[in-house]
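As structure tokens, the structure follows; a few thoughts come after it.
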Amino acid sequence: MFSFQKRSVLIFVVCIVVVTVSIITYMNIQSKPEKSVYTVVNLSANSITFSEVEKLHEFAELIVLGYATDGFADREHVITAFDDGTMQSFHTNTNIKIEQILKKPEDFTSDLTELTVIEPVSLDGKVKYTANDYVELQKNEPSVLFLLRNSYGD
């Protein structure tokens, strides 16, 4: 039969294998991308495209390194309609945490740590409307945001 020492080594090896398999299984489950639970409606919109970062940098009024503080579904989704019920516009007000200000206008405070930005995407129940295939900011994932005030000053 097995001696006590051989039995202890065998039990130790089996425990290591079980723990390793459990960790690998857990990591694989966690790393799978979420399947979209929304029907996505992509609408075309007028936009400006830059092929050089320098020109985008010149055009932007405010450039920050930051991240969304809320999940997409938890943000303020705004959809406006004409009197007949036809969609007029849509957007999402997204709260971001500013990690670093890279460029700012003179009238912008340097110690601001949070900001609300407008994203060209919104939810209406299980339908996600997006402009020009825009992908919303992801919660807690840092992004460099090149920002410009809209015609309403937002």
Checklist entry - How much net charge surrounds residue 149 when only other residues with a Cβ under 11 Å from its Cβ are counted (Lys, Arg +1; Asp, Glu -1)? => result -3
Checklist entry - In a shell of Cβ-Cβ distance under 15 Å around residue 43, excluding residue 43 itself, what net charge do Lys and Arg (+1) and Asp and Glu (-1) give? => result -3
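Every number here is computed from the coordinates shown, using simple stated rules; none is lab data. A quick note: this is a predicted structure, and the numbers were derived from the prediction, not measured. A quick note on method: Cβ atoms are made from the backbone with ideal geometry, for glycine too, and the neighbour counts reach across all protein chains shown.
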